[in-house]
Structure formats: structure tokens, C-alpha cells
Amino acid sequence: QVQLVESGGGLVQPGGSLRLSCAASGSIFSIAAMGWYRQAPGNERELVAVSTSGGITNYAESVKGRFTISRDNAKNMVYLQMNSLKPEDTAVYYCYVRASGDSASYPTPHWGQGTQVTVSP
């Protein structure tokens, strides 16, 4: 089992910044990708940013230039620095990790419990 613990959400004014953190622990042999998704009320969960172990990063068009994903592979952690936040960034943000528990297993997706980010005056 893989456990993901997120932190760093909260209430911020438009134009402000927040940094989300996610720590992965448990039965982890290797991590193929780490990232963040978000879900606003009435909307489907959408990709925000993802970083693969091969060095590829992808961002949603709506956050390019404002959000930055980074990883600390030694600690199995992923971060999301969010700058110039807008009200439309308001959502529950979920940590995502695709990991395998042993050398014989394919990586499978794992999700955190979510952390609320609210951007409001």
C-alpha cells in the first residue's frame, strides 16, 4: 500500500501564492510519476501538473507560467508552487503518484485525500 499525505492548502487572495506538498510512503519500489490534479464543484477532476521519472513535466494550459511542479526523489515528495492565483483555481487539489510495490509489478495510480485551495478576496 502507498499512502499520500498532502499539506499546504488554504485561503488566499487573488494574486497570492501557495505551496502544496505531498509525501508518499509505504510499499514503494519505484515511482513512475508524481503530480497534482484538482476538482472544482460540479467539474470533473483535471490534471494540473505531472512530473515523470523520465524527466517529462506537463502542465494544464490554464496554469502554465504560474504553477511549478518539483520533486524530491530522495524523500518521495512532490510540490506544487502556485503563484498569481485566480479565483478559478479554487478547487480540491489531489496528489497523484503512479508507483510499483516491487520489481515484478507495473506502476499503479494512488491518490491523496485532497487539500482545499480557495482563492477569494
Item checked: Residue among SER17, SER21 that is of a type outside the set (A, V, I, L, M, F, W, C) and exposed (fewer than 14 other Cβ atoms within 10 Å of the Cβ) -> SER17
Checklist line | Pairs with Cβ under 7 Å, 6+ apart, first in the stretch 74-94 and more than 23 Å from VAL2 (Cβ to Cβ) and of a type in the set (Val, Ile, Thr), second open to solvent by 40 Å² or more (accessible area, probe 1.4 Å) and not in a helix (DSSP H, G or I) | finding: THR90/THR118
Check: What is the one condition in (1) in contact with a Phe, Trp or Tyr (Cβ under 9 Å, 6 or more places away or on another chain); (2) open to solvent by less than 60 Å² (accessible area, probe 1.4 Å) that GLN113 does not satisfy?
Finding: (2)
Notebook entry, point to check: Which one is least open to solvent (accessible area, probe 1.4 Å), of the residues in the stretch 1-14 that are more than 17 Å from VAL50 (Cβ to Cβ) and aliphatic (A, V, I, L, M)?
Noted result: VAL12
Next item on the list: Of all residues in the stretch 35-73, count the ones that are surrounded by fewer than 19 Cβ atoms within 10 Å (Cβ to Cβ), touching an Asp or Glu at 6+ places or on another chain (Cβ under 8 Å) and β-branched (Val, Ile, Thr).
Entry: 0
Next item on the list: Test MET82 against the stated conditions and say whether it is open to solvent by less than 50 Å² (accessible area, probe 1.4 Å) and touching a Cys at 6+ places or on another chain (Cβ under 8 Å).
Entry: no
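The values are calculated or read from the model by the stated rules, or taken from the named source; none is laboratory data. On a predicted model such as this, the values are computed, not experimentally measured, just so you know. Heads up, the Cβs are rebuilt from the backbone with ideal geometry, glycines too, and the neighbour counts pull from every protein chain shown. Please note that ligands, DNA and RNA were not included when accessible areas were found on the heavy atoms of the full protein model with its side chains. Shrake-Rupley method; radii C 1.70, N 1.55, O 1.52, S 1.80 Å.
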